[in-house]
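Scroll down for the structure; my scribbles are underneath it.
Throughout, read-outs are computed from the coordinates displayed, never taken from laboratory work. Because the structure is predicted, anything quoted here is derived from the model rather than measured. Don't worry about glycine lacking a Cβ; one is built from the backbone with ideal geometry, like all the others, and counts go over all protein chains shown.
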Amino acid sequence: MSMHDFSKLYAQYPHIISQMDQHFTSHEFILELSRQNQVAYIEALYAYRRILRGGKPVPFMMVHGILARHLSHYPRLIMEVNSGVPSIDIFGQEVSASLWRKVS
């Protein structure tokens, strides 16, 4: 069960996807989505502020995971090319993310 209604952010996916390069990572998408929808993004983070992993709060990890997984709901717009490419997250750390390609 979700702790937040992500519908405001999900409604922006087609618009943000249209602005992305032909290939993009989940991290790149989330960065652009959050940049253009800062209030809705902050509200989502706030809803997950008390979720802990290893005793530390992980609102970014939780929200970004939810947002990244939702990309698969747009098969007419994009397809996942690779589920584990090196990518830089919002904190500048190199981790893995999915690589997506726009459907022609």
Of 83, 72, 98, which residue is among the hydroxyl-bearing types (Ser, Thr, Tyr), in contact (Cβ under 8 Å) with a residue 12 or more places away in the chain and surrounded by 12 or more Cβ atoms within 10 Å (Cβ to Cβ)?
-> 98
Residues in segment 53-69: is at least one within 20 Å of residue 11 (Cβ to Cβ) and touching a Pro at 6+ places or on another chain (Cβ under 7 Å)?
-> no
A careful count of residues in segment 86-95 that are surrounded by 15 or more Cβ atoms within 10 Å (Cβ to Cβ) and either under 12 Å from the mean Cα position of the chain (by Cα) or of a type outside the set (Gly, Ala, Ser) (or both) gives 1
Filter segment 40-51 for residues that are touching a residue at least 40 places away in the same chain (Cβ under 8 Å) and of a type in the set (Gly, Ala, Ser); which is nearest to residue 64 (Cα to Cα)?
-> 44
Test for residue 4: is it outside any helix (DSSP H, G or I) and without any contact (Cβ under 8 Å) to a residue 60 or more places away in the chain = yes
Scanning segment 67-104 for residues that are part of a helix (DSSP H, G or I), closer than 15 Å to residue 28 by Cα and not small (Gly, Ala, Ser) gives 67, 69, 70, 71
Quick check: anything in segment 19-39 among the polar types (S, T, N, Q), in a helix (DSSP H, G or I), without any contact (Cβ under 8 Å) to a residue 40 or more places away in the chain and within 16 Å of residue 100 (Cβ to Cβ)?
-> yes
Could you list all residues from segment 21-55 that are within 19 Å of residue 80 (Cβ to Cβ) and within 13 Å of the chain's Cα centre (by Cα)?
-> 24, 25, 26, 27, 28, 29, 30, 31, 32, 33
